[in-house]
Structures are given as structure tokens and as C-alpha cells.
Amino acid sequence: MSAVEPGSREYSPSRMQYRWERIWLTPLYRSLIRTGVPVALVAMMAVGHFSKAETQAQLAMSVANARSMVENRPEFAVELMQIKGGSEALAQEVREAVPLTFPQSSLRLDLAALKADIERVDAVARADVALRGSVLEVRIQERLPVLIWRGADHLELVDATGARAGVVAVRDGFHHLPLIMGTSAQAAAPEALSLIAAAGPLRGRIRALRRMGQRRWDLVLDREQVIKLPVEAPVTALERVVALHSARDVLGRDVTVVDLRDGRRPVLRLSRAAVEELHRLRAIADEEEEG
Amino acid sequence: MTQLYETQRAMRARRRAALQRGVVAILDVGSAKIACMILAFDSSVQMNAQEGVSAMANHNAFRVIGVATTRSRGVRFGEVSTIEETERAIRTAVQAAQKMAGTRVDHVIACLSGAEPRSYGVSGDVALENGSVMEYDIGRVLAECDVPDTGFGRQVVHAMPVNFALDHRTGLSDPRGQIGNRLSVDMHLLTIDTHAVEHLLKCIKRCDLELAGFASSAYVSGISALVEDEQELGGACIDLGGGATTVSIFLKKHMIFADSVRMGGDLVTSDISQGLQVSAAVAERIKTFHGGVMATGMDDRDMIEIGGETGDFDRDRRKISRSDLIGVMRPRVEEILEEVRARLDGAGFNHLPGQRIVLTGGGSQIPGLEGLASRILGQQVRLGRPLRIQGLPQAATGPAFAASVGLALNAAHPQDECWDFNLPVAGGARQPLRRAMQWFRDNW
């Protein structure tokens, strides 16, 4: 053991050195310094690099470039749209509804949206869209118009379910379809069809079915005769009228309105001339009785 | 006494916390060297002395994972004299030991060799309430001990119950559960200078460490250097240190006396330095390589080159014979041993059944000391080395490390001290208040 020599080098650790050594020997700090600090440094550098606007723009551009390069490959090209089913006019309408320019990349096509777009066309009941190689195949089920509805300023074609199958300006070409009228008469289209089916011998005389107050039907015949049908069971009521007509030829007489709204009995309204004739005949009959 | 009781209890709690964490440092602050040892405790081994110890008294519970010694600075006669310098030396030792252990350490158990230890034997006496010794009776009888006036600026570092007596049966080590009417206890009280402890505490605080225990160097040297028989039958341990020589007497495995002589190896070195007109460093080297206390005819012809570092290498080729060196050293060593003899006589050592004397410490390595000591101290003298503990490097197994090793053993298995028991005076005043607080907390 040598004694202290004056001026000898100080060998004991300084207080900072000692503390640093102790921190270094603490497992938590040690792992923090050995992994945490480098990780934080790299993360900071990355954040600093990518937070610049031009770097972000460049990155976005290169991503977009890569994407379009893949999309524009000839393997993904769609050359034409083939529409199957439906008339030529409907096909033209569908082409107008989905404005696509060909050739188109199949990666950019959204078939579900396309299908929804096509089905939004009135005359299309159902559309199936599929890619077959470079052909976009559209299979269409057309809506068949069975009724024609007249509104205030236009005519609508109505299919058996009551859905709209098209809008027309004039009735030319659709004279074979029965006419319906009245607010939301389309919604009761199935009932209208069954009424027409039940009309039997009157069918040729039907001019139109008029929906009254969105709840019941008036059957308008030629010679301005009207059959007022009840809300409940209109088909049965119509069958009664048809039976009456075939037994007594009711509608062949001078009757303007057959009212069946009261379920117990039909009420007839005669024309003005018929009423006067009836009064005259009754007066003659009374004189004969007195005389 | 109450305040001391609280501080010592707090220290015990810190020691337990440190052992639970598994790492604790041992710091032997001596005048010649400062040794730091880092112990790693195996948490699976039961630590609490009161809950029973393993067969090896917990000596297998720890291993040494780091040892460092550094030349002591700022410590004289086993007391801190310059806080700044001591702090630096402690830092050096702790840092090197931490580096070897590869872990940081926060709790430290320290020992000090100087600071004028004084021993007191005190006794207490209490009547048993229900005919047998209960757990709290031990605390009561310990609290009953009449503590002598230890003087101003003195602090109790050890207060060990040495012997219990129940009615007329004495020599009981654990009277719990035994039947009797009166329980009395003999307690050994060791006080040292408060300032010395405070200065050491300040040094340790400045090193960012926490004191988890404090022991007298005399006590811990005895634990490591005395074998079991010597501790049981009566033996004295003399730790010849650099600045102070400590004396401790053991009987029935308890220390019953401790003292310190403010002379040590450094004094021998300074004698050589003055007598031979050489520097302290050269004197130290000559002492350790060639020193001795028993001269023989051979030593007259054994010439030693002093080669004093005067800067004039060509002219300064002085030589002395080994007899000359012995002639310088022997009177001083004799003086130290005679002082020790006086302390032993004062403590009544020659009334003990066994009178084995064990010399340890760095100074005990002087060749021929055994013979000289047996002339002065008595026939039954031997040189003692500390017990082997796990993981201790070869370089730290010498007698100079007796106090460090003893401190490690004591940390693993501390002997019961007064503050390990619940004293009624300390706990009595607080308990009702706490109960009232508890009641308030429960009901509102």
C-alpha cells in the first residue's frame, strides 16, 4: 500500500462518470439506450424525410405511375360491351345509361356499380354484368308493359308488378294495352289486371280503369257508362255486374252508372231521357187505371 | 432509546428490501483500504432469522459477484476524516465492484473499525404475567433494561440479548414457551461516536447509495475469523488493521465485549519511514516484503536494499540488514499488542472458560507475529483467516478481508438485536391512535 503522492493522477471516477456508470448498469436504462435511442433516431429521420411536401408528392406520383402502368397492360383491357336480351331500343338506352369508353382497363371497372346503373333504367327488370375475357357481357331481363297509365302530361308503361317500364309521349303503338288512370294507380296494377280478366263479355267495351281516391276502381265503358266498384272484393262485384248484364242486358240499356259500392244491392242511374220516358209511361199507366 | 429503536428498525426494513431485490453491497471502510463486495442473494432461501434458518445459517444463500478494493483515502484511525476524499475512494471501489458484478447496487451495508467503541453490559428483569414466557415478554424484558448514560454524542450500534435467565436457571438462549416467574436478560450494548457514523453516512449518501445496515468492524471480524468452538467457549478476535486494531470477545456465540486501539500497521510504516529515512511508499514496500518481528542470526546477513527515492540514484544505495528492520518494527508491534492485552484484561478476558486468541487483519501477516503474540497475550494464539464464502476470488480470501467477509455473513444471517423484538414502549403509544383512525375510516 503506497501512500498518497502529491501531484499523482486522480484515478477515482468523477461524480458524473460514476452516475453514468450506474445508469448504464440499470437494465431498463440500458435497454432503452441500446435499442430505444437508435430506433427513435431512425424514426425521427424517417418522419423528417417524409414530412416534406415534395417528397410526399413524388411518392404519390410514383405510386400512381406504378398503378396506371399495371392497369394499362393489354391483359386487362376490355374492348366492348355486349348486351344480351331485350330489344334493340332497350340496348341503346342501356348504352346511354352507362357511358363507358372502350378500350377500358378491367381493374378500373366497378361491376356492382355498373349493374346498379343498368338496373336504374326503367325497362330493365334485372341485369347480370360479367367480364368474359376482353368482353363486358350484360344480360338483361326486360320489363314487359301490360298496362298504360295516363298522368296529367305524360303516359307511363306499367308492368304486371306495377313497376314503371318506360315513359312515352303518345299512345301510338300501345293501343292494345288497357288504360289506367288516377293517382298511384300503378301500385294496384295486379288488381287492375285481374279486373280486366274478370270483365269477360265487357272487355271489348272497357275504355279505362280509373283509380278513385287511391282506394277503389271505376270501370269506364264506352257510351260513357261507369261501373263503380267497391273497395272490398272488386272482382266479385264486377262478376255480379257481368252476370246481371248477361242475364238482363243491363249495360245495353240507357244506364249511365252502375254503382256497386253498397254491397247489398246495385244502384243504377238512368240517363235524363230514360227518366223522362219512365215518367211519361208511369203517367199513362195511372190514367188507364183511373179510367 | 425510542428514536434509536425507530432508526434501527428502518435500517432493518431497508436491509430486508435489499435482500428481496437480491443485490446488496458490503462496504468495509478501513484506514488502509476500502473494500466493496457485491452479494447476490438467492431469494428462494429463507432470509428471516426469526422464521428459522437453514443448516448452514444462510451462508449458502448468497454468492459474491463483485469485489473491488482501493487504497483508502481520507480515513484515519478507522474514522472518516475527510468526507470528500473518502467519498472518492468509496466511488472507486463501488464502481469497480459494480463493473465486475455487471449490475448496479443501491443498498450498502457498512462497517467502521474506529470511532471509539465502548461496551456496556446491561441487564433487565421482569415478572411474567401468565407463568410462561410469551413472545412479547422478550420485548418487555429488553425494554426493562436500564440503559446507562452513554455520554453525549454516542450512538448504540449493537444491542444484543446475550443471555436469558428464568428464575434460577441461566444460560438460556431462547426462553420462549418456558415456564417460570421471573425473566431476566443480559444485554450487550455497543456505542460508538455519533459523528463518525454520520460522516460515513454522508459519504454513502453522496455516492447515491442507501445505508441498509451498520456494524462494528470488531464484531464482524470476530464472526468470520473465530470458529464455532471459539465463539462458544470464549475467544478473542484481534483484527490488526491499518489505522486501528479492534478487539472483540465472544462467549456463547455472542459478542460480549468490543474495543478498538487507535494503533495499527500504518504506525509501523511511519516508524520505518522515520527510522530508516525513506519515503512512506518505500517503507510500506519494505514492511510487506521483508518485515518481521522475530530476529534470528540469519537476519543479520540478510541485506535489504532500501534505495530511497531521493532522486540521486547513484549515491543512494543504502542497505540495511533485516535485523535492523525487525528492530524498528518489533517495539511498535509489541506496543500495539500490549495495548490489546490491557483492553483484554480490562474486559476480564482471563476469567473466561476458553481463552483462545485469534489474530486476523492485514497486520497479522507479519512473519513471526504468532510467536510474539503468544508471549504477550498468552499461549493459545493462532492466526485466523476469514471463512470461505461462495464466489470470493482468491485475492480476497486473506486475513485483511476478515471484516468484509464477516459483514457478508452477518448480512445473510444477522444475530438477534434488541430492535428485532417489539418493544412495548415504542409501539404502545401509537397503537390506540392507529386503531381510532381505523375506526374513523371504517365508519365514515
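No value in this document is a laboratory result; all are computed from the given coordinates. These numbers were taken from a predicted model, which means no experiment stands behind them. Heads up, the Cβs are rebuilt from the backbone with ideal geometry, glycines too, and the neighbour counts pull from every protein chain shown.
Quick notes on this structure:
- Listed residue (B:G346, B:G243, A:A283) projecting farthest to the positive dipole end of the protein assembly as shown, Cβ model: A:A283
- Potential lengthening between B:S279 and B:D42 on full extension [0.36 nm per residue; Cα-Cα distance subtracted]: 80.6 nm
- Set B:K99/B:K205; B:K99/B:K202; B:K99/B:K287; B:K33/B:K99; B:K99/B:K253 screened for pairs whose C-alpha atoms are more than 26 Å apart: B:K99/B:K287; B:K99/B:K253
- Label-to-label distance, nm, for residues given as A:T183 and A:A247 (7 Å Cα→Cβ offset): 3.8
- For chain A, the longest site-free run once GluC sites (Glu not before Pro) in DSSP loop states with at most 16 other Cβ atoms within 10 Å are removed: A:80-231
- Using the Cβ-Cβ distance between A:A152 and A:R240 with R0 set to 56 Å, the FRET efficiency works out to roughly 0.95.
- Reachable lysines from A:K84, criterion Cα separation under 30 angstrom, eight or more residues apart if same chain: A:K115
- Length-normalised contact order for chain B - Cα pairs under 8 Å, 6+ apart - percent: 18
- Averaged over the residues of peptide B:277-290, the number of Cβ atoms from other protein chains lying within 10 Å of each residue's Cβ is 2.
- Spatial extent of the range A:3-118: Rg and Dmax, with the Cα atoms as the point set, Å: 34.3, 117
- Relative contact order %, chain A, counting alpha carbon pairs below 8 Å whose residues are six or more apart: 8
- Note on chain B: with a GNM built from Cα contacts shorter than 10 Å, the maximum mean-square fluctuation among B:Q365, B:Q98, B:Q277 falls on B:Q277.
- With at most 15 neighbouring Cβ atoms within 10 Å, loop GluC sites (Glu not before Pro) (DSSP) excluded, longest segment of chain B: B:130-308
- Mean per-residue shielding of peptide A:12-25 is 5, counting Cβ atoms of other chains within 10 Å of each Cβ.
- Free of any trypsin sites (Lys or Arg not before Pro) that DSSP assigns to a loop and that have at most 15 other C-beta atoms within 10 Å, the longest stretch within chain B is B:1-175.
- The Rg/Rh ratio for the range A:66-224, using Cα coordinates for both the radius of gyration and the Kirkwood hydrodynamic radius, is 1.16.
- The Cα-based radius of gyration of chain A, divided by its Kirkwood radius, gives an Rg/Rh of 1.55.
- Over all other residues within a Cβ to Cβ distance under 13 Å of A:E93, the charged ones net out to -3, with Lys and Arg as +1 and Asp and Glu as -1.
- For chain A, a Gaussian network of Cα nodes joined below 10 Å ranks A:W217, A:W20, A:W149 by mean-square fluctuation, and the top entry is A:W20.
- Within the listed set A:A125, A:A43, A:A89, the Gaussian network model of chain A (springs between alpha-carbon atoms below 10 Å) gives the highest mean-square fluctuation for A:A43.
- In terms of other Cβ atoms within 10 Å, B:F349, B:F152 run from fewest to most in the order B:F152, B:F349.
- Three-way shape label, the range B:82-130, alpha-carbon gyration tensor, a/c 1.5: oblate
- Column: log10 I(q)/I(0), Debye, Cα scatterers of the range B:236-350, q = 0.12, 0.19, 0.21 Å⁻¹: -0.52, -0.95, -1.06
- Nearest-ten-degree value, helix A:15-24 long axis tilted from longest Cα axis of chain A: 50
- Under the Debye formula (equal points on every Cα, no solvent term), log10 I(q)/I(0) of the protein assembly as shown at q = 0.04, 0.05, 0.08 Å⁻¹: -0.47, -0.53, -0.79
- Calculated FRET value between B:R182 and B:A17, using beta carbons and R₀ = 35 Å, to 0.05: 0.35
- With the simple model of a label 7 Å out from the Cα in the direction of the Cβ, A:R207 to A:L268 spans 2.0 nm.
- Each residue, A:A233 and B:E370, gets one label point 7 Å from its Cα in the Cβ direction; the gap between the two is 13.6 nm.
- Dipole magnitude of chain B about its Cα centre (Cβ charges: Lys, Arg +1; Asp, Glu -1), debye to nearest 20: 1060
- Helix axis angle, A:53-71 relative to chain A longest principal axis, alpha carbon, degrees: 50
- The calculated FRET efficiency for the pair A:Q141 and A:N72, based on their C-beta separation and a Förster distance of 30 Å, comes to about 0.30.
- Calculated over the range A:79-138: convex hull of Cα atoms, volume per residue (Å³): 75
- DSSP-defined antiparallel bridges as percent of all bridges, chain B, nearest 5: 75
- Beta bridge orientation in the protein assembly as shown: antiparallel %, DSSP, nearest 5: 75
- Over all distinct Cα-Cα pairs of chain B, the Kirkwood formula returns a hydrodynamic radius of 23.3 Å.
- Among residues other than B:A40 with Cβ under 11 Å from its Cβ, the summed charge is +1 (Lys and Arg +1, Asp and Glu -1).
- Relative contact order, percent, the range B:137-183 [alpha-carbon distance under 8 Å, six or more residues apart]: 29
- Average other protein chain Cβ within 10 Å of Cβ, residues B:96-104: 3
- When the range A:159-246 is reduced to its Cα atoms, the Kirkwood hydrodynamic radius in Å: 13.5
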